[in-house]
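The values are calculated or read from the model by the stated rules, or taken from the named source; none is laboratory data. Note that this is a predicted model, so its numbers are computed, not measured. As a convention, Cβ positions derive from the backbone with ideal geometry for all residues, glycine included, and neighbour counts pool all protein chains shown.
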Amino acid sequence: MKFPRPADRLPVDRARRKAYWRLLPLLFIAYVIAFVDRANVAFAKLTMVKDFPTFDNAVFGFGAGVFFLGYFILEIPGSLIVEKWGARAWICRIMISWGIVAALTAFIGVPLRVSVWAVEIWNNAFGATMGVPEFQFYTLRFLLGLAEAGFFPGVVVYLSHWFPSRDRGRALALFFIATPVAQIVGPLLSAMMLKIGTTEIVNGVTVHHPLVLGLKGWQWVYVAWGLPAVVLGAAVLFLLPDKPRNARWLTAEESEALSAELAREQQKNKGHMSLWQGLRHPKVLLLSFSYFCTVTGSYGVVFFLPSILDRWYSLKYTQLAWLTTLPALMALAGQLFIGWNSDRTRERRWHTVLPIVIGASAIALAPATQGNLTLTIVCFMLALGGLKAYLPAFWTMPYLFLSSSAAAASIGMINSIGNLGGQLGPYVIGKVEAVTGSFVGGLYFLACSMMVCATIVFCLGLGAKEEQNPAPVTPGAAKS
C-alpha cells in the first residue's frame, strides 16, 4: 500500500499507517496459531492411528468437523461483544481457553472415570459402541470450537473500527493470509514432531526417536501449538486497543482524524437497520448459505489433503509436509492479490466468484491426476488458492448494505452458519472413503458444493463496482 511521503502525510494517513503496523502483526500471529490448533489434527492423525486403531477416516472426519458445532454456538454473541464492549478482553479470553483445550487433546485415551461413565451412558442410551478415546476426541474438538468461537468474526468487526472501506480489503487480506501461512509452518513443524517416539529406517539403519517428557510426537503436535495461544492471549490485553481513541500510540490529532473519517463513512453510506432486521435480511441469509457451501469444500480439503497424498503416493511425513506447503503458498499469493486488487478496482463480486469457480474446477479435476504427483499438486494448489483467495472480497460485502451493529451480528451469523460446512465437508469425505475405500466421491461433492456458493454470490449482485456507495437501506427495506 502506498502512503504519502512523511513530510506531506496528513494526520489520517499517519494513523492508518500506524494501525497497519501496530494491529495486524499481532492479529496475524494469533490467527496462525488458531488455524493450526484447529487443523493440526490432519497431521497428528498420521501417527495417532497407531495408538488408536479404531480411529478410521470416518472417526477423524467427524472429530475434525465437530469443532464447528461448538464454534456455531458462540459466534453471534462473540461478534456483538466486540461491537458493543470492545475486542481486547474477549479475544484474550478466547485465546487462553482455546490454547488450554488444544493442549489437552494430547491426553485423549487417558481412562478418566467421568469419561468412562459418559461413554457407558451414551452407549446404553443409543445402542452405540463408542470407546473412551473416541468420546474424548469428539468432546475436546467440540470444546475447542466453543472456546475459539467469536475470534474470526470478532476480528473482522474489530478491523471495521480501525480501517475505512478504502483500506478494509487489504487489511482483511493481511489478516486472512494467516491461514495459508499456518498451512505452511504448521505441517513443517508438525512433521518434525511426529517422529518423537517412533522408529524409522534411514539408509538401511533402524533409528528410534525417544519420547520427550513421556509424550509421543502426535501429543507434542497438540501441546506445542496450544501453549503459545495462552501466552499470546495474555499479551492481547496490553497490546490491542479497542478503538482509535484508546490507542496511546496515536496522537490526539491522528486519533480524531481517523475516528472522524470512519464516522463520516458510516453516516454517509449506511442506513439505520436494526440488529434483528440485519439477521433476517434475505441477503444475509443467502451469504450465510453460500459461505456454508464453500467452507464445506475448504475444510474437506484442508483436513484430508495429507491423507489423500499419503494414500495416492505413499509419501514420507517430511515429503507430505513440504508438498502441502505449495497449495498454501498459492493461497497466500491469491489472498494478497484479491485484497489489493478488489480495493484498487472497488469491485467485490467477481473477486469473490472467480476464485471459487477456479478452486471448484481444480478439485473436480484432481481425481483424474492420480499417478502423476506433479499434476495432483498443481490441482490442489489451484484448489486451495481459490478456496482462500476470495475471502478479503467476500467479507467486505455485509458492510455494503448494513449498519455497524447489524453488520456485526450478521458477520457472526454468516460465519457461524458457514462454518457448519467445516463439519459437513470432512465428515462426508471421511465417510465416503470409509464406505467406498476412495476419496474420489468426496472430492466431487466438495467441488459441487463450491459451485453452489459461486452461483449464489453471482446472482446476489453485491459488490459490483458501481455499487460501492449504495443508497441507504431503510428498516422497511429489510423486510422485502
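For this structure, a couple of remarks:
- Leading residue by the ranking (surrounded by the most Cβ atoms within 10 Å (Cβ to Cβ)) among those in the stretch 117-131 that are hydrophobic (A, V, I, L, M, F, W, C) and within 18 Å of residue 59 (Cβ to Cβ): 119
- From 91, 100, residue being among the hydrophobic types (A, V, I, L, M, F, W, C), touching a Leu at 6+ places or on another chain (Cβ under 8 Å), in a helix (DSSP H, G or I) and modelled with pLDDT of 85 or more: 91
- Single unsatisfied condition, residue 80 versus (1) in a helix (DSSP H, G or I); (2) modelled with pLDDT of 80 or more: (2)
- For the criterion of being within 31 Å of the chain's Cα centre (by Cα) and farther than 19 Å from residue 221 by Cβ, residue 137 fails.
- Checklist (1) modelled with pLDDT of 90 or more; (2) surrounded by 19 or more Cβ atoms within 10 Å (Cβ to Cβ); (3) within 15 Å of residue 378 (Cα to Cα) applied to residue 326, failing item: (2)
- Cross-chain or 6+ apart pairs with Cβ under 8 Å, the stretch 307-333 first and in a loop (DSSP other than H, G, I, E, B), then buried (at least 19 other Cβ atoms within 10 Å of the Cβ): 315/309; 315/323
- The stretch 4-44, residues that are crowded, with 23+ Cβ neighbours inside 10 Å, of a type outside the set (A, V, I, L, M) and modelled with pLDDT under 85: 38, 43
- Subset of the stretch 339-360 (residues that are outside any helix (DSSP H, G or I) and touching a Gly at 6+ places or on another chain (Cβ under 8 Å)): 347, 348
- Residue count for the stretch 123-136, restricted to those that are part of a helix (DSSP H, G or I) and not acidic (Asp, Glu): 8
- Annotation: of all residues in the stretch 271-320 being under 30 Å from residue 439 (Cα atoms) and β-branched (Val, Ile, Thr), the one that is modelled with the lowest pLDDT is 318.
- Selection of first residues in the stretch 425-443 that are more than 16 Å from residue 366 (Cβ to Cβ) and buried (at least 17 other Cβ atoms within 10 Å of the Cβ) and of second residues that are among the hydroxyl-bearing types (Ser, Thr, Tyr) and modelled with pLDDT under 95, restricted to Cβ pairs under 7 Å at least 6 apart or on distinct chains, gives the following pairs, ordered by first then second residue: 426/299.
- Selection status of residue 336, modelled with pLDDT of 90 or more and in a helix (DSSP H, G or I): no
- Checking each residue in the stretch 46-59 for being buried (at least 21 other Cβ atoms within 10 Å of the Cβ) and modelled with pLDDT under 85 picks out only 57.
- Listing of helices (runs of 4 or more DSSP H) fully contained in the stretch 137-236 that carry 2 or more residues being on the phi > 0 side of the Ramachandran plot and surrounded by 17 or more Cβ atoms within 10 Å (Cβ to Cβ): none
- Pairs are defined by a Cβ separation below 7 Å, a sequence spacing of at least 6 or placement on different chains, a first member in the stretch 132-157 that is under 16 Å from residue 233 (Cβ atoms), and a second member that is surrounded by fewer than 24 Cβ atoms within 10 Å (Cβ to Cβ) and of a type in the set (S, T, N, Q); the pairs so defined are 147/97.
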